[in-house]
Each structure stands twice: as structure tokens, then as C-alpha cells.
Amino acid sequence: MIKIYYNNILQMITVKNLYKSYGSLEVLKNINFEIQDGEIVSITGASGAGKTTLLNLIGTLDKADGGEIFINNKNVTTLSERELSVFRNREIGFVFQFHYLLNEFTALENVIMPALLYGGDKKQTENKAKELFDVLSISSKENSFPNEMSGGEMQRVAIARALINSPALVLADEPSGNLDSKNSQQLFDLFFMLRKKYNQTFVIVTHSEKFAMLSDRKLIISDGTIIE
């Protein structure tokens, strides 16, 4: 991804006049905000406020009813389904509350899969995966299956999978939701370490006020709009 700077600041995400409804229920209305390159931003709000909906729109997993989303100056709302698929795989990493690892594959196989699906070199991809396993302190789990790992270890494998294509943007939806307080703290520490090492931008949906306050900035969704 080519990074384009304005006044020495790169806006990694720009959301303009975003609207999303499901039937007669207006979930998001006139959403506007910017997130800079390298920021760690939390999105909070009451249950049902539209946090996950907003994350899915930014991640191109769903389409808005109106408005525009720019990721590194590319208007993703104008891309075709094929273009979105390629863009999503190469430029965005996803970390979910549930790790969604495939039980029949080892940790290493789970991590390299997104790169191999788009023609990545297997040896280079494996080397990148092993580097990530080392960074995430799970090198001993490369050949383990998901049912042989703890919840914290599985979440780290999921993070490695999200990073395998070196995305500029990582989106996390309640990533600590199934972790105890110790592993949750370690997870957020990891995000800051990864930001420092790889200069990636993180957008994290969380119910935890404690972890939201650790972020560089917090966005609150209330009544379908953003309160910053």
C-alpha cells in the first residue's frame, strides 16, 4: 500500500456522512471521523449501538446505505466485489472475539492460509509466519492444533493470521471478550508492541472502558452517531 501524506499526516481512515439501516431500523446516521496512520483507536458504546456494524463497514464486510469510506485515500465504497476481496485480503487484518481457527489445521497452517489463497510463495509465507510466532511468543505452538492451545494462545495465533499479509490496518472486534483479565491485558500490550514494530493502525471495538482508555483515542457511538 502506497502511503499518501497531507501536511505530514496520513489519514489512514476517513469516513464521510455514513448511513446504515436494517429495514426500518437506522443503526448509523451521518457518521464522520478520521483515524491517522499508526493510531490505536477504540470504539465504544452501549450494546446494540452499532459498533460492530461500523467495524464491518470499515472492513468492507458490509455495504453502507450512504456515505463514503476512504482507506489510505482509496474510496472503498466504489470498489467492485472482486476488487474489495483483493483489497480486504491484502490491506486489512481482522481479529475477532472468537478466533475462528480451523480445528483440522495446525497453528502454522491456519496462519499462512490467507496468503496462500492469493498465490503467496509458501516458503516465504512460512518464514513470515514463524517471525510472527516469535514476536507473539508462541513459537512452541507452530505445530499444535487449536484444541491443544489455551484461549490466549489461540487469540495470538489469530493475530498472527491477521498480520500475515502485512496489512496497514488491523480491525479487532471485542478481541478480549473470551479472555481472562491477565490475557486481556497481555493482548492490549501486544497491540501496542505490534504498532511500534510494524507501524500498523488498529481500530478496536471494546466494551472495556479500561482498555478503551489505554488507546490513543476513543470514539463513542451513541444514538447512531459518533461522539469523540
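Consider residue 61 carefully, then state whether it is open to solvent by 50 Å² or more (accessible area, probe 1.4 Å) and either of a type in the set (A, V, I, L, M, F, W, C) or not in a helix (DSSP H, G or I) (or both). Give the derivation first.
Values: open to solvent by 50 Å² or more (accessible area, probe 1.4 Å): yes; either of a type in the set (A, V, I, L, M, F, W, C) or not in a helix (DSSP H, G or I) (or both): yes.
Yes.
Aromatic (Phe, Trp, Tyr) and loosely packed, with under 15 Cβ neighbours inside 10 Å - does that describe any residue in region 175-190?
Of the residues in region 175-190, the ones aromatic (Phe, Trp, Tyr) are 188.
Going one step further and asking which of them are loosely packed, with under 15 Cβ neighbours inside 10 Å, we end up with none.
No: region 175-190 contains no residue that is aromatic (Phe, Trp, Tyr) and loosely packed, with under 15 Cβ neighbours inside 10 Å.
Restricting 88, 82 to those that are touching a residue at least 12 places away in the same chain (Cβ under 8 Å), assigned to a helix (DSSP H, G or I) and open to solvent by 30 Å² or more (accessible area, probe 1.4 Å) reduces the list to 88.
Residue 202: aromatic (Phe, Trp, Tyr), open to solvent by less than 80 Å² (accessible area, probe 1.4 Å) and over 13 Å from the mean Cα position of the chain (by Cα), yes or no? Please lay out each step first, then the result.
Values: aromatic (Phe, Trp, Tyr): yes; open to solvent by less than 80 Å² (accessible area, probe 1.4 Å): yes; over 13 Å from the mean Cα position of the chain (by Cα): no.
Answer is no for this residue.
Looking at region 24-52, which of the residues that are β-branched (Val, Ile, Thr) and in contact with a Gly (Cβ under 8 Å, 6 or more places away or on another chain) is nearest to residue 10 (Cα to Cα)? Before you say what the answer is, go through the steps one by one.
Applying the first criterion (β-branched (Val, Ile, Thr)) to region 24-52 yields 27, 31, 35, 40-41, 43-44, 52.
Checking the rest, the ones that are also in contact with a Gly (Cβ under 8 Å, 6 or more places away or on another chain) come to 27, 31.
Working: 27: 29, 31: 20 Å.
Looking at the filtered set, the residue picked out is 31.
Specify the residue that is farthest from residue 29 (Cα to Cα); the eligible residues are those in region 172-192 that are in a helix (DSSP H, G or I) and touching a residue at least 40 places away in the same chain (Cβ under 8 Å). So, considering only residues that are in a helix (DSSP H, G or I) and touching a residue at least 40 places away in the same chain (Cβ under 8 Å), the one farthest from residue 29 (Cα to Cα) is 190. Pairs are defined by a Cβ separation below 8 Å, a sequence spacing of at least 6 or placement on different chains, a first member in region 122-133 that is surrounded by fewer than 18 Cβ atoms within 10 Å (Cβ to Cβ), and a second member that is modelled with pLDDT under 90 and part of a helix (DSSP H, G or I); the pairs so defined are 122/116. Determine whether residue 149 is open to solvent by 30 Å² or more (accessible area, probe 1.4 Å) and either under 18 Å from residue 98 (Cβ atoms) or out of contact with any Cys (no Cβ under 9 Å at 6 or more places or on another chain) (or both). It is false that residue 149 is open to solvent by 30 Å² or more (accessible area, probe 1.4 Å) and either under 18 Å from residue 98 (Cβ atoms) or out of contact with any Cys (no Cβ under 9 Å at 6 or more places or on another chain) (or both). Residues of region 64-79 that are part of a strand (DSSP E or B) and either closer than 18 Å to residue 166 by Cα or touching a His at 6+ places or on another chain (Cβ under 7 Å) (or both): 71, 74. On the stretch given as region 18-34, residues that are farther than 14 Å from residue 223 by Cα and open to solvent by 80 Å² or more (accessible area, probe 1.4 Å) total 3.
The residues listed here are 98, 94; of these, the one that is under 30 Å from residue 139 (Cβ atoms), within 15 Å of the chain's Cα centre (by Cα) and assigned to a loop (DSSP other than H, G, I, E, B) is 98. Given the structure, is residue 14 within 27 Å of residue 156 (Cβ to Cβ) and open to solvent by less than 40 Å² (accessible area, probe 1.4 Å)? So residue 14 fails the test.
The values are calculated or read from the model by the stated rules, or taken from the named source; none is laboratory data. Worth saying up front: this structure is predicted, and the values here are computed from it rather than measured. Glycine gets a Cβ as well: all are built from the backbone with ideal geometry, and neighbour counts include every protein chain shown. The area values use the complete protein model at the heavy-atom level, side chains included, leaving out ligands, DNA and RNA. Shrake-Rupley method; radii C 1.70, N 1.55, O 1.52, S 1.80 Å.
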